[in-house]
Structures are given as C-alpha cells and as structure tokens.
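Below is one structure, written out as structure tokens; the observations come after it.
The values are calculated or read from the model by the stated rules, or taken from the named source; none is laboratory data. Computed from a predicted model, the values in this text were never measured in an experiment. Cβ placement follows ideal geometry from the backbone for every residue including glycine, while neighbour counts extend to all protein chains displayed. Keep in mind that these areas ignore ligands, DNA and RNA; they rest on the heavy atoms of the full protein, side chains included. Shrake-Rupley method; radii C 1.70, N 1.55, O 1.52, S 1.80 Å.
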Amino acid sequence: MDPVRQVMDAVADADTGNELYGAFAPLYDIFFAERCDYDTLATFVSDRAPAGARSVAVGACGTGRLLARLADRYDRAVGLDRSAAMLRLAGGRTDTALVRADLRTVVAPGAFDLFTVTGNSLAHLPAGAPDGVRTAFERAAESLRSGGTLVCDFMLTDSLMNGYVTEDTVETDRCRVERRVVTRVEDRGADDLGAAGRYDYEFTMTDRRTGETARAEASLPVRVFEPEALPGVALSAGFTEAALVDPPTPYGGGLVARVPE
Ligand SMILES: C[S@@+](CC[C@H](N)C(=O)[O-])C[C@H]1O[C@@H](n2cnc3c(N)ncnc32)[C@H](O)[C@@H]1O
C-alpha cells in the first residue's frame, strides 16, 4: 500500500486513549527523521560506553531510529518503550528485540553494558511522584553490569515557558507534516528536581499528491529539570559517578552516569 496512505489510515484509526504516542506515532516518526540526527546521536551515546561494551538497552526507544543504529554497533540490543504504536514502527525498522515496558518497572538484572534514554523521553516521567525519574534511574542501574553506563538527555527548566508556541514543518517528496506545540507551565516547583507542565501537540499531515490531510492532537504532561539536580538523583539511584554533558539533541541537558566496577 502507498506509504502515505498507510500513515493517513494509521492516524485515522489510532486509539488515542491513554496512550501518549498512539495517534501521532507515524507523524512523529516522519517528523523526527528530519529533525534529529540519529547518526550523530548514536556516536555520542557509543562514545560514552564503557570499553569493550557489547550490549545496549535503548529505553523509550520510540520508533527505533537510534535503536537500529546502535544494534549495528553492539552484539545485543534491546528496545524498551511503553507505547505499542511506537514499538510497531520500531519493529518495521529493526529486527532487534523490543519489549513493551515502563522504564520505572522493567529490570533485567546486570544485563547491559550501556543503557540510554534520549529524545527528551525523561520529560514524560512524572514530576512530584515517588515513581518518576529516580525510580527509572534505579531500574537502569540494576539493569547495568558492573562498570556499565547510563546516557540520557533532558530538557532544562529555563526552556519551559508558559504559552510558548513552536511551529515547524517538515516536507518530504510525498508529504508535508506540520507540528504545533503550545507549552504550558503547571507547577514551577513540582519537586526538588524542577518544574512540570504540558505540551499541547497538533500534527497535520498533507499528502502532497492528493491534498488529503490527517490530523492528530494530544496533550502530554512533561517535566523539566534543574541540571545540577540530576547527577544527585543518579548517585542516589545506585550510580557512583555522574556528570553533566552536552548532548547533540536540542533539549539542553545531558547526563552520563556509571555504576561501580
Ligand atoms: C519523545 S519520544 C522519543 C522517542 C525516541 N527516543 C526518539 O528519540 O526518537 C518519547 C518516548 O518515550 C516513551 N515513554 C514515555 N514514558 C515512558 C515510560 N515511562 N516508559 C517507557 N517509555 C516511555 C514514549 O512512548 C515515546 O516513545
């Protein structure tokens, strides 16, 4: 079937329900193929892996673009995500293992040399709750072998502005995808790590051949971080070294943490 038709149908059929990325998984995928340099990101992540690393877990792997690249570099790669719609697209991209799971509960004790969570996915771990990013870091630390490394990116508190509107359009030869995001601040002092808010998303896709459009909307809770708070979270979650780094993604913050040898 025509790939643009397939996306249109997927958007129309999507069960928005409680699935954060349900309706706009295919639109997200087209959009971020253009807006994120996954090759550079894969190199950034691998460069921070421990020497001789052979296995990687890609947390919140989404549609698998980073996962597919890391799977080419390691003997064993596993993608974890809680969205069935995102994982379906990842499954069409790579034949590496995919697990539908929440980062706050999934553990594979001592299984990986490298654990990575990028693409601003930490933004979706709830603020002010006992099971937010601290719990996800604890699960990641437990899933790493001795000397294993966690590599994350995250959005900085300063970038969460009330009523801020971002509009961006990606064009391929067959379609145009427009994305509008309105940022809302809901709780400036949500917890000791930063603030909480919401992204109100609208994606519109247009088939450039037929002019047909499909739209998807979603309002996602997001949280942002005071950078100096995150190394402390990693240290309290079982890592023994934690440092801020400058990632090649546009969210502002990055963290590399290591579990003991
Ligand atoms: C912004 S997308 C990033 C996807 C991918 N990392 C990328 O850069 O293309 C965020 C992803 O995080 C996933 N996600 C959000 N909260 C999660 C959780 N608690 N456990 C696992 N995955 C989660 C979503 O389903 C979505 O695929």
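Charge dipole (Cα centre; +1 on Lys/Arg Cβ, -1 on Asp/Glu Cβ; no other charges) of region 159-223 amounts to roughly 140 debye. Rg and Dmax, both from the Cα atoms of region 89-130 and both in Å, are 12.8, 37. What fraction, in whole percent, of alpha-carbon pairs in the chain exceed 27 Å separation? In whole percent, the long-distance tail amounts to 36. A Stokes-Einstein calculation at 10 °C with viscosity 1.306 mPa s, built on the Kirkwood radius of region 159-223 over Cα pairs, returns a diffusion coefficient of 121 µm²/s.
Of the listed residues Thr210, Thr63, the order by accessible area with a 1.4 Å probe, largest first, is Thr210, Thr63.
What separates the Cα centres of region 225-261 and region 51-107 is a distance of 21 Å. Pick out, from Ala190, Thr213, Phe203, the residue whose Cα sits farthest towards the positive end of the charge dipole of region 159-223, with +1 on the Cβ of Lys and Arg and -1 on the Cβ of Asp and Glu. Projecting each Cα onto the dipole axis, the largest value belongs to Thr213. Ligands, DNA and RNA are left out, and with a 1.4 angstrom probe the accessible area of region 22-77 is 38 Å² per residue. On the principal axes of its alpha-carbon atoms, region 18-84 has extents of 40, 23, 16 Å, going from largest to smallest. Taking every DSSP helix (H) stretch of at least 4 residues in the chain, weighting each as -39,500 (n - 2.57) and dividing the sum by the residue count yields a mean residue ellipticity at 222 nm of -7500 deg cm²/dmol. Take every DSSP beta bridge whose two residues both sit in the chain; close to 70 percent of them are antiparallel. Residues whose amide H falls under 5 Å from that of Arg82, counting only those 5 or more places apart or on a different chain, are Ala101, with hydrogens built in the peptide plane.
Within the accessible area of region 159-223, the carbon and sulfur atoms contribute 41%, probe 1.4 Å, all protein chains present.
Once C-alpha pairs closer than 8 Å and six or more residues apart are averaged by separation and normalised to the residue number of region 159-223, the relative contact order reads 28 percent. Ordered by solvent-accessible area of protein heavy atoms (1.4 Å probe), largest first, the residues Val133, Val165 come out as Val165, Val133.
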